[in-house]
Amino acid sequence: MPVNSTHYLFLSLLLFSIGIMGALMRRNAIIIFMCIELMLNAVNLLLVAFSKIYGDADAQLFVFFIMVVAAAEVAVGLAIIVMMYRKVHSVDINILNRLKH
Amino acid sequence: MEIYDILFWFLSALAVSCALGVILSRNPVNSVLFLIATFFAISGHYLLMNAQFLAIVNVIVYAGAIMVLFLFVIMLMNLNADVEPQKGQLVQLAGVISGGVLFLVILAAIKTAKTESMDKTATDIGLIANLGRTLFTKYVLPFEISSVLFLSAMVGAVVIGKKEDTKPVSKEDESEMKQFL
């Protein structure tokens with residue numbers, strides 16, 4: 001069976017749900033951040049697949065902008081994690097939960 | 001099976017197994033390395049669809065810059081498998097079930113979608129000249145605004161990461177400063 005849009009949909013959905021499982025399962029804040037990047041890449045893959053199917057370059061430019069936003073988000077997110085580590089010397093999100101008290 | 005289909009299945013298996021390695025490994029450094037391998041597999045998919053610019057940008061930006069930043073932060077905190085916190089078994093099972101249920105729900109939504117066949121011949125839209133033409137004519141405003149976004153992210157990261165100056169001025173320094181007034 002030749003590869004068609006359903007294959008790419010399924011692959012992207014699988015990567016996205018693996019990212020969600022990782023974000024819910026792990027307690028390390030850095031690993032959760034990495035699972036968010038995995039989810040973003042799953043969406044990028046699907047956008048590029050559909051840009052190839054419909055012959056539209058706009059989707060590939062949208063992927064480019066998603067990468068731009070992801071890079072900026074990683075910079076700020078890692079700064080927050082480093083600041084959190086400096087205060088409590090741990091990256092455990094259960095410890096961060098206690099900041100609400 | 002054509003070479004396209006063989007490469008597709010190989011790259012898909014590589015991407016999914018490395019993604020599973022990201023969420024299942026104990027050592028955070030192993031998770032970063034698995035994620036880099038996942039990004040290379042996804043770049044392989046981009047190359048297969050002739051999205052050349054995005055394949056190279058994916059390798060350079062994601063695997064080359066963002067993952068290196070992650071590695072810096074992990075090495076700075078000296079995280080390894082011993083100090084890695086683990087959630088309870090029940091919570092992990094609940095997380096897996098939630099992700100699985102989301103997977104099934106979206107799968108049920110897309111199973112009635114119209115199947116579009118992919119044209120295996122290479123198209124020209126992924127080449128950097130054509131992408132650049134569209135970027136600088138139709139999308140020039142988001143392009144300029146993204147530079148402002150980068151500036152604000154840079155300033156924000158520096159401000160957040162700055163060490164707080166909590167040391168109070170001592171008495172001798174105060175008297176030294178007062179003699180210059």
- Name every residue in region B:1-39 that is over 18 Å from A:F10 (Cα atoms), of a type in the set (A, V, I, L, M) and either surrounded by fewer than 16 Cβ atoms within 10 Å (Cβ to Cβ) or free of Cβ contacts under 8 Å to residues at least 40 places away in the same chain (or both), in order of residue number. B:M1, B:I3, B:V22, B:I23, B:L24, B:V29, B:L33, B:L35, B:I36, B:A37
- Has region B:57-80 got any residue that is under 19 Å from A:H7 (Cβ atoms), without any contact (Cβ under 8 Å) to a residue 12 or more places away in the chain and among the β-branched types (V, I, T)? no
- Query: Being over 27 Å from B:G161 (Cβ atoms), among the small types (G, A, S) and out of contact with any Leu (no Cβ under 7 Å at 6 or more places or on another chain), is that true of even one residue in region B:46-69?
  - Reply: yes
- Task: State all residues of region B:82-120 that are outside any helix (DSSP H, G or I) and loosely packed, with under 12 Cβ neighbours inside 10 Å; if no residue qualifies, say none.
- Result: B:D82, B:G88, B:K111, B:T112, B:A113, B:K114, B:T115, B:S117, B:D119
- Message: Please go through region B:121-136 and give me each residue that is in a loop (DSSP other than H, G, I, E, B) and surrounded by 15 or more Cβ atoms within 10 Å (Cβ to Cβ), ordered by number.
- Response: B:T123, B:I125, B:G126, B:L127
- Collect the residues in region A:33-63 that are at the interface with chain B (Cβ under 8 Å from one of its Cβ atoms), within 20 Å of B:L35 (Cα to Cα) and either touching a strand residue (DSSP E or B) at 6+ places or on another chain (Cβ under 8 Å) or free of Cβ contacts under 8 Å to residues at least 40 places away in the same chain (or both), keeping them in residue-number order. A:M34, A:C35, A:E37, A:L38, A:N41, A:N44, A:L45, A:V48, A:V63
- Query: So is B:D173 at pLDDT below 90 and surrounded by fewer than 10 Cβ atoms within 10 Å (Cβ to Cβ) or not?
  - Reply: no
- Does any residue of region B:56-72 turn out to be touching a helix residue (DSSP H, G or I) at 6+ places or on another chain (Cβ under 6 Å) and over 30 Å from B:A157 (Cα atoms)? no
- Please go through region A:72-101 and pick out each residue that is touching a Leu at 6+ places or on another chain (Cβ under 9 Å), surrounded by 18 or more Cβ atoms within 10 Å (Cβ to Cβ) and either closer than 24 Å to B:P142 by Cα or more than 9 Å from chain B (Cβ to nearest Cβ) (or both). A:A72, A:V74, A:A75, A:M84
- Note on the structure: Counting only residues that are touching a helix residue (DSSP H, G or I) at 6+ places or on another chain (Cβ under 6 Å) and either at pLDDT below 95 or not aliphatic (A, V, I, L, M) (or both), region A:35-45 contains a total of 3
- Query: Restricting attention to region B:45-64, and to residues there that are buried (at least 20 other Cβ atoms within 10 Å of the Cβ) and among the small types (G, A, S), which single residue is modelled with the lowest pLDDT?
  - Reply: B:A51
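The values are calculated or read from the model by the stated rules, or taken from the named source; none is laboratory data. Because the structure is a prediction, the values reported are computed rather than measured. Cβ coordinates were reconstructed from backbone atoms using ideal geometry, including for glycine residues, and neighbour counts include every protein chain displayed.
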